[in-house]
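Contents: one structure, followed by commentary.
The values are calculated or read from the model by the stated rules, or taken from the named source; none is laboratory data. Because the structure is a prediction, the values reported are computed rather than measured. For neighbour counting, all protein chains shown are included, and Cβ atoms are generated from backbone atoms with ideal geometry for every residue, glycine included. The protein model used for the area step is the full one, side chains on, heavy atoms only, and it has no ligands, DNA or RNA in it. Shrake-Rupley method; radii C 1.70, N 1.55, O 1.52, S 1.80 Å.
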Amino acid sequence: MDLPDTITLRSILGIFRMESHDGEYRGRSNGFSLTIRPSDGGYTAEAVSDRDGWGAAAKTVEIPFTDADSLTASMEIWLDGLCPQVVEEYADDVRYLETVRGKVAYYSYNTDLDTVPVVFVHGGPGGECNPVKARRLKLAHPVYAYDQMGCGRSDPIKDLDSWGLDDYVAELSDFIDHIGSDKVILIGASWGAGLSVAYAESMGCSKIAAMVLPSPFVSSRRWADDQMKNLKAMSDGMYEGMRRCIRDNDLGPEFKRIMGEYYARYLFCRECFRDIAIANAEEPFSDVFLTLWGPNDMVCTGTLKDFDVVPGMKDISVPTLFMCGDSDEVTVETMLEYRGLVKGSRFAVIPYAGHVTAMEQFDLYRESIVAFLRENGFDV
C-alpha cells in the first residue's frame, strides 16, 4: 500500500514531521528521534530519547495499519502513552532568560517548526506556567510558557513593593523579543489575559498575530464586582456572610468556609472537583498575590487596585478569542461586554466549567482554541 512521502504526528511529546527515507519514516521533536519501519503486516516504531529521566533509551511497538490515517492515529496514541510523566508531572526541562530584572524561567517545545510561535501567559498574579498544558494542546507551532518574575522557577522580585504592571509588561516584551519571531500568538488566562491586553495597549499589536483570552481579569473593579454578583446568586447567606468577613477583616474559618463553597461553584463547578475546590480555600496566597492584589480574593487593596485595561481593548486590531466557563468567576454578561469592545472578536462559553476551564473541560477548551486558530488561517 502506497503511503505519502511525509506524515505529521501530533502528540504530547511533540509535533513530528516524518519524512520517508529508504522505505522508512524518520523525524525528531523535543529531544526524541522517531523511526517507523515496515514490518510483516504493519510497521515497527522506535522512539529514542536523548535526555536523562525520560524513560528507557528506546521503546518499540508493532503498529498495524490499513492506510495513512490509521497509521497516523495509531502512532499518535502510542506516542501519547510513551512517557506518562510528561502528562502527569512538570517535566524538568526548564530554561532561563537573563534580564535586567533577573532570570525568567521558561519552557519551549517544537521550536524547529516555522509556524507562528504561541506564548502562554499565566494567571495570578503570583501563579506559574503550565508546560504540560502547553504540550497537551498539540499545536503545530513552537510553544513557549514562562514563569513571571517572582513566580514558579523565576527569580524572586527584589523590591516587591515597587513592582507593578509596567514591570510585567516589560518582562513580557523582553520574552517576546527573545523568541525572535516577527509575531506571536498570545494565550493569556485570567490575570494573564490582563497582562496580554496591557502589553497590546503599551506596545501595540505589531508583534501580535492573534490573542486568546480565557476568563480574563482586565479590571480590578470589574473583577471584584463580578465576585459579589456571583455570591448573591448563591444560597445560604453567602453574600451577607462574606460582607461581614470583609467588613471585620476576618479571614478565619467562616471566610474559608464561604470561599470553599464559592470555589466549588465558580473556580470549579463539577462535583468531581469539589474536594480540590474546598482545599484551595485553605491554601496560603503567594507574596506576589498579597502585594499586587490583597489578602483575600474579593477585594483588591494591593498595587493593582486601579488596574483597568478595558478602555484599551477597543484598540486591539488582531483576531481575538474570548473564552469562559458557563459558571466562571467572570460573568457571561461581562464577557459579552468585553467581546463588544474588540472588533471582529469571537466568544466561546465552555459548558460545565468554572474559572479553571482547561482543567475541567480540556477537550472543549482545546477544540475552541484550535477552531479559532484554524478559522484565522493558522496551521494547527
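Which residue is nearest to Phe120 (Cα to Cα), if the candidates are limited to region 161-189 and must be of a type outside the set (D, E, K, R) and assigned to a loop (DSSP other than H, G, I, E, B)? Going through the qualifying residues, I end up with Ala189.
Quick one: which residue in Thr111, Thr115 is over 18 Å from the mean Cα position of the chain (by Cα) and under 21 Å from Val370 (Cβ atoms)?
Just one listed residue meets the conditions, Thr115.
Listed by position, the strands (runs of 3 or more DSSP E) inside region 49-112 whose residues that are aliphatic (A, V, I, L, M) and either open to solvent by 20 Å² or more (accessible area, probe 1.4 Å) or modelled with pLDDT of 90 or more (or both) number at least 2 are 58-64, 102-109. All conditions but one from (1) within 18 Å of the chain's Cα centre (by Cα); (2) part of a helix (DSSP H, G or I); (3) over 22 Å from Leu290 (Cβ atoms) apply to Ala140; the one that does not is (2). Restricting attention to region 287-301, the residues that are of a type in the set (Ser, Thr, Tyr) and either over 20 Å from Met228 (Cα atoms) or assigned to a helix (DSSP H, G or I) (or both) add up to 1.
Considering only residues that are touching a residue at least 40 places away in the same chain (Cβ under 8 Å) and not in a helix (DSSP H, G or I), which ones fall in region 250-263? Residue satisfying the conditions is Leu251 alone. Name the single residue, out of those in region 261-312 being hydroxyl-bearing (Ser, Thr, Tyr) and over 19 Å from Arg243 (Cα atoms), that is most open to solvent (accessible area, probe 1.4 Å). Selected residue: Thr303.
Ser215 meets each of the listed conditions (1) at positive phi; (2) open to solvent by 10 Å² or more (accessible area, probe 1.4 Å) apart from (2). Taken over region 1-30, the residue count meeting the criterion of being within 17 Å of Ser108 (Cα to Cα) and either free of Cβ contacts under 8 Å to residues at least 24 places away in the same chain or assigned to a strand (DSSP E or B) (or both) is 5.
The residues on offer are Arg274, Arg243, and the sole one that is farther than 18 Å from Ser190 by Cα, part of a helix (DSSP H, G or I) and at pLDDT below 95 is Arg243. Residues that are within 19 Å of Thr115 (Cα to Cα) and free of Cβ contacts under 8 Å to residues at least 12 places away in the same chain were ranked within region 152-193; the one that is surrounded by the most Cβ atoms within 10 Å (Cβ to Cβ) is Asp177. Which residues, counting only those in region 319-336, are out of contact with any His (no Cβ under 6 Å at 6 or more places or on another chain), open to solvent by less than 20 Å² (accessible area, probe 1.4 Å) and either within 17 Å of Ser162 (Cα to Cα) or not polar (S, T, N, Q) (or both)? Correct list: Leu321, Phe322, Met323, Cys324, Gly325, Val330, Met335. List pairs: first in region 340-366 and in contact (Cβ under 8 Å) with a residue 40 or more places away in the chain and farther than 26 Å from Lys314 by Cα, second open to solvent by 60 Å² or more (accessible area, probe 1.4 Å) and among the aromatic types (Phe, Trp, Tyr), Cβ under 8 Å, 6+ apart or cross-chain? Every condition considered, the pairs that remain are Glu360/Tyr352.
Looking at the structure I just gave you, is Thr8 surrounded by fewer than 15 Cβ atoms within 10 Å (Cβ to Cβ) and in contact with a Lys or Arg (Cβ under 8 Å, 6 or more places away or on another chain)?
yes
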